Amino acid sequence: MTVYSGPVFDMAVNQFGVIANYLSIPMDERDRLLLPKRAVTVSCPIHRDDGSVAVYEGYRVQHHLTLGPTKGGTRFAPSVDIGEVAALAIWMSWKCALVGLPYGGAKGGIRIDPTKISRRELEAVSRRYMQEMIPFVGPHVDVMAPDMGTNEQVMAWFMDTYSMYQGRTVTEIVTGKPVTSGGTLGRREATGRGVAHLAKRVMNELSINMNQATAVIQGFGNVGSYAALELQQFGLKVIAVSDHTGALYNEAGLDIPALMKHTSEHGSIAGFSSQMQFDPEQILTLKCDVLVPAAMERVIDAEVAEKLQCRVLAEGANGPTTPDADLVLEKRQKDIFLIPDILCNSGGVVVSYFEWVQDLQQLFWEEEEVTRREYQILDRAFDQMVVRSRKDKVFHRTAAMAIGVEKVRNAKATRGLFP
Ligand code: NAD
């Protein structure tokens, strides 16, 4: 029995089961690896603009503390619950271990629709959430970051709230902050850039000419927009993008910088062009070279997986593909090259780690150095995944997760079980 439930948590459990069987992990070791170390639920009351009081539920899950502090994003979305947050924390653990960071995974969030509240209300709920979290987090305990529905501004409010309570500025308590408040150059772009960098590596391996290639992006937030921008700069035509308001299609390629300007001014792609509107339901199954799901979990199920027409599936979002869809993709490995989420979107946490290191040292790097080191780490993890997948003839996701799980398992084995 656990307090965690729901389809996203079940998915993380199911995926772990596949890895545990592949690695022949004894049954009595599995719960210790899988179940989160700590979880907290808080209620965050705020004054609404109309004078009423509203209470929003917030969560934070810290998966394991074996390798160092925990690290993970904070999601503001109406779907957030403790099971979803736990699953995301577990995936963060395998991701951090895969790319060799000294962190365990964490995740947090508030069950709220940030598009339906004012900026003042957003600030109030962000600050109250951070204040409620103070007993559970710290620069050497648990370091927060942005995720769906949060951004640099929210991180600045988190950092300011924590610092006010400490009586000094503690920039290293969160990452993904504005550069003016202890953030690092290259963090805003890091996740999308990493997705595009790995997609480029695969296109080179598959001899796909980037100047004749096409990309489709689901979700046009932080990850999706920067992945689109980078892929366009590599020469690809980004023929379709979608967000929560709809989808746009243009065979000749969308103007990504113009679309980014539009979304930063209007909050979504709606109203960009009435001539290019498209059915968002069909976006994932469009014919293209690179498909980047960069919105939410579980959008590619077995039925969608059968219909995919991409050559490279670059998972920008966390958990976009269900275990049933994985079975289909495993059979389609010859025509679709999967870059699994824990590798594909790990550029974000890699550069968050760089931000934390820079804040602790108060020594800041040039953007070129940030990005060069990011790609170095991604390339190393990519190579390890491919070698493992070929050696053991396992699916890319299995190989990537197994490397992460093994590292956590080995660290637990050498530290022993206290007391
Ligand atoms: P974001 O809030 O900046 O953007 C999310 C985007 O998804 C928005 O464009 C939103 O409109 C769109 N969206 C929401 N519901 C949708 C739907 N039903 N159909 C199509 N689009 C929809 O969030 P983000 O930070 O870009 O995160 C996106 C995904 O990437 C999440 O799964 C997140 O966990 C993952 N991720 C983010 C980072 C990061 O650094 N931000 C790092 C690793 C993984």
Gaussian network model of the chain, Cα springs within a sub-10 Å range: biggest mean-square fluctuation belongs to which of Y165, Y129, Y22? Y165
Protection proxy (average C-beta count within 10 Å per residue), highest first, orders 255-261, 177-183, 335-341 as 335-341, 177-183, 255-261
Counting sequence-distant residues (5 or more places) and residues on other chains, those with an amide H built under 5 Å from that of G105 are H63, H64, K71, S93
Between region 122-142 and region 306-327, how many Å separate their Cα centres? 34
What does the helix-only formula give at 222 nm for the chain: each DSSP H stretch with n ≥ 4 adding -39500 (n - 2.57), the total divided by the residues, and the result rounded to the nearest 500 deg cm²/dmol? -15000 deg cm²/dmol
Amide H to amide H, which residues 5 or more places from K237 or on other chains are under 5 Å from it, using H placed in the peptide plane? A213, T214, A215
Among DSSP beta bridges whose residues both lie in region 165-320, state the antiparallel percentage, nearest 5. 35
Taking Lys and Arg as +1 and Asp and Glu as -1, residues besides K237 with C-beta under 14 Å from its C-beta add up to -3
All-pairs Cα distance distribution in region 311-401, expressed in whole percent, bin size 5 Å: 3, 13, 21, 21, 15, 11, 8, 5, 3, 1
Under Stokes-Einstein, with the Kirkwood radius over Cα pairs standing in for Rh, what whole-number D in µm²/s applies to region 1-78 at 4 °C and 1.567 mPa s? 84
Prolate/oblate/rounded label for region 376-419 (Cα gyration tensor, a/c 1.5): prolate
If packing is taken as the mean number of other Cβ atoms within 10 Å per residue, what is the order of 302-309, 51-58, highest first? 302-309, 51-58
Checking the table K37/K71; K177/K412; K200/K287 against a 22 Å threshold on Cα-Cα, which pairs fail? K177/K412
Kindly provide the Kirkwood hydrodynamic radius of the chain in Å, to one decimal, from all pairs of distinct alpha carbon atoms. 21.6
Kindly point out which whole DSSP H helices in the chain project their C-alpha atoms 20 angstrom or further along the helix axis while averaging a Kyte-Doolittle hydropathy of -0.5 or above. 7-22, 82-98, 152-166, 347-361, 396-415
Most mobile of Q361, Q277, Q218 per a Gaussian network model of the chain (Cα springs, under 10 Å)? Q361
Where is the GNM fluctuation largest for the chain (alpha-carbon springs, 10 angstrom cutoff): N345, N211, N151? N211
Dividing the alpha-carbon radius of gyration of region 1-138 by 2.2 N^0.38 Å, where N counts its residues, gives 1.15
Karplus (6.51, -1.76, 1.60) ³J(HN,Hα), θ = phi - 60°, over region 304-313, in Hz, Gly and Pro reported as x: 5, 4, 5, 8, 4, 10, 9, 9, 10, 10
Just check region 185-227 against the gyration tensor rule for me: Cα atoms, a ≥ b ≥ c as the square roots of the eigenvalues, rounded for a/c under 1.5, and otherwise prolate or oblate depending on whether a/b exceeds b/c. oblate
Highest-first arrangement of 23-31, 406-414, where packing means the average Cβ count within 10 Å: 406-414, 23-31
Along region 268-276, Karplus-curve 3J(HN,Hα) (6.51, -1.76, 1.60; θ = phi - 60°) to the nearest Hz, with x for Gly and Pro, reads 6, 7, 4, x, 5, 7, 6, 6, 9
Show the residues, 5+ positions off or on another chain, whose built amide H is closer than 5 Å to the amide H of T245. I269
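We did not get these values from a lab; they are worked out from the coordinates using the rules stated. All of these numbers come straight from a predicted model, not from anything done at the bench. In this analysis, Cβ positions are derived from the backbone assuming ideal geometry, glycine residues included, and neighbour counts consider all displayed protein chains.
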